[in-house]
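Encoded as structure tokens, the structure appears first; notes follow it.
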Amino acid sequence: MKKILKWGGFGLAVLMLAGGLLFANFWYFKPLSIDWFYARAFLKFSLQQPEMLTSLRFLDQFGIRGHNAELGDASPEAGEEMLAYWRDEYETFKRYDRSDYEGQALLSYDVFDFFMSNQMADADRWRFHNFPVNQLFGVQSNLPDFMVQQHMVEDELGAEHYISRLNRFDEKFQGVLEGLRIREERRILPPSFAVTKVIDQVDGFLESAPEAHLLVVNLDEKMDDIDASELDPARRDELREAAVAAVEQSVYPAYEGLLAYLRELEPKADSNGGVWRLPDGDAFYRQAIRQHTTTEMSAEEIHAIGLREVERIGGEMDAILRTEGLTEGTIGERVQQLARRPDQLYPDTEAGREQILADYQKILDEIDPAMNEYFNLRPETGVEVKRVPEFSEETTAGAYYQRPSLDGKRKGAFFVNLRDVSEIPKFGMRTLAYHEGIPGHHFQIAITQQLEDIPMFRRLVPFTAYSEGWALYAERLAWEIGFQDDPLDNLGRLQAEMFRAVRLVVDTGMHHKRWSREDAIDYMLAHTGMGEGEVEAEIERYLVMPGQALSYKVGMMKILELRERAKRELGEDFSLPEFHDQILRNGALPLTLLEQVVNDWIERKRTA
């Protein structure tokens, strides 16, 4: 018996040693398998991103929750460390031989290679060529929105984690401020309007007393859903008082520090021009185009495509408007006339706003079952329509999609901004619902998250031209299969496509051709039918996010090009559900690799 125990103990020691050596190899050196490498790269990165871990909830399902008490380090030093980490990982990745892989393994190799080479291209040169605090996003708006929308409080520990994060606001903001000061030293200043609008945001955030602050009220609301048997009233009161103290001692000082800096910066940020005004601005814009479109298209080429598409779509819109008796004025002016008609508007009341949300949900519920005919892949998670939180309405886009959590506890969400009901004419609602929900972003993102035969990084890596191109394609698909038969619904679709075509013109116009902000506003007003306030917000978005707006139309045109190629070459063997499989079953892809995937599928079908 002793001999058995002796040899058993020896065997256990050997196994532990072997396991330790395998772990050391996995964690510190080149892993034996490239799949282990992908897992390590994602794991090491995600452990430095506690907000991302909270959003995805893939550790929570295993009872690992400590990250929910932390906030990621936003300092330039942390950014430099992360950049150095990815450089090292990319060098390790290059030691794997591409010729060893085929099928999905080869595609994973190419996706990782493309993404990393794109991100690493002159990374040091362009690292600070952005505006991380602006009127649309930044720590001042993203962090409270994250706390409200994504930090779940299901028990006492969740509440304690919430408060812990409130106590880390000041540190988070300090890191952001360090980066802003570096940009100022390098003459990378945000547009004037962005500084002014963020000052107004921060002023508004500081208006309420700590005990009535939205972050305290939100914690109260979340604790309301916890059974009293799990959180007694006395402990709940203690937690609330701790949250009030955290707002006083960390949250408000964080915002006050940011406000003081922005007031100093305001007189220095005296331009509203494109990024050509920045050091090496023209070269930076070329890099922004490559990064966002995942193509080698030039600004001149994109501008010319935009002009052609504006003319084509305008002709189709004009025909519908004329049948409605709208014959005088530009396309934009006539669409505005239609949008102001009483039959196209909801009451400017809370009841009217509730009806908007209900009608959007009805549109999604109507189209959902019909998708079985056109898709083999379907999301396992539902999508719900939600209102953009009122505290962020003024600075948030008209609509956006939020991915479901990986553990399935949080559905996908289509958020609608209800700040101004006149911005939501009925003829545009179907198109927006199809774009953000079904079969648009929700289909693409939720399906990607449930794919099991691809590495985790491919479920999460962002390629904007792919994801936004798919959502714009989804708008057209819904029309093609009969869900926008009403001419006014089709006008809404065309208006949305015109909007994306105009983006090609004005983004390249401002950042490459040096148009003024006002020139771009005038062009967009003339062609889109959007209101002046909406147009100003859009143009100001493009000024702080150069190149991003190009990805929608570029991506859609590529998907349509690939579909037409498949139809032409396969003839009667073409299957729309199978084509959609090729687009959706591989996760987000750069357009060059998406084209390769579809071409390979066409070749397999032809030779079968």
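The values are calculated or read from the model by the stated rules, or taken from the named source; none is laboratory data. These numbers were taken from a predicted model, which means no experiment stands behind them. Quick reminder, even Gly has a Cβ in these numbers, built from the backbone with ideal geometry, and neighbours come from all protein chains shown.
Of the residues making up the stretch 151-194, those that are over 19 Å from R240 (Cα atoms) and either surrounded by 18 or more Cβ atoms within 10 Å (Cβ to Cβ) or polar (S, T, N, Q) (or both) number 17. Taking the criterion of being part of a loop (DSSP other than H, G, I, E, B), modelled with pLDDT of 95 or more and of a type outside the set (S, T, N, Q), the residues of the stretch 128-151 that qualify are F128, H129, F131, P132, V133, G138, H151.
Entry remark, the stretch 337-356: residues being surrounded by fewer than 17 Cβ atoms within 10 Å (Cβ to Cβ), closer than 26 Å to S405 by Cα and either touching a residue at least 60 places away in the same chain (Cβ under 8 Å) or not assigned by TED's automatic domain parsing to the domain that holds G325 (or both) number 0 in total.
Just one residue in the set E603, E564, E572 is of a type in the set (D, E) and under 26 Å from V505 (Cα atoms); that residue is E564.
For the stretch 298-317, the criterion of being touching a residue at least 60 places away in the same chain (Cβ under 8 Å), of a type outside the set (D, E, K, R) and closer than 18 Å to F128 by Cα is satisfied by no residue at all. For E578, the conditions (1) assigned by TED's automatic domain parsing to the domain that holds M498; (2) more than 20 Å from A304 (Cα to Cα) all hold with the exception of (1). The residues listed here are E309, E301, E316, E328; of these, the one that is more than 22 Å from Y466 (Cβ to Cβ) and in a helix (DSSP H, G or I) is E316.
Applying the selection to the stretch 469-488, what residues are over 26 Å from the mean Cα position of the chain (by Cα) and either among the aromatic types (F, W, Y) or on the phi < 0 side of the Ramachandran plot (or both)? Within the stretch 469-488, E480, I481, F483, Q484, D485, D486, P487, L488 meet the criteria. Give the stretch 26-82 a look and list any residue that's of a type in the set (K, R) and in a loop (DSSP other than H, G, I, E, B), or say none. Of everything in the stretch 26-82, those that are of a type in the set (K, R) and in a loop (DSSP other than H, G, I, E, B) turn out to be K30, R57, R65.
A count restricted to the stretch 245-259 and to residues that are buried (at least 20 other Cβ atoms within 10 Å of the Cβ) and more than 29 Å from the chain's Cα centre (by Cα) stands at 1.
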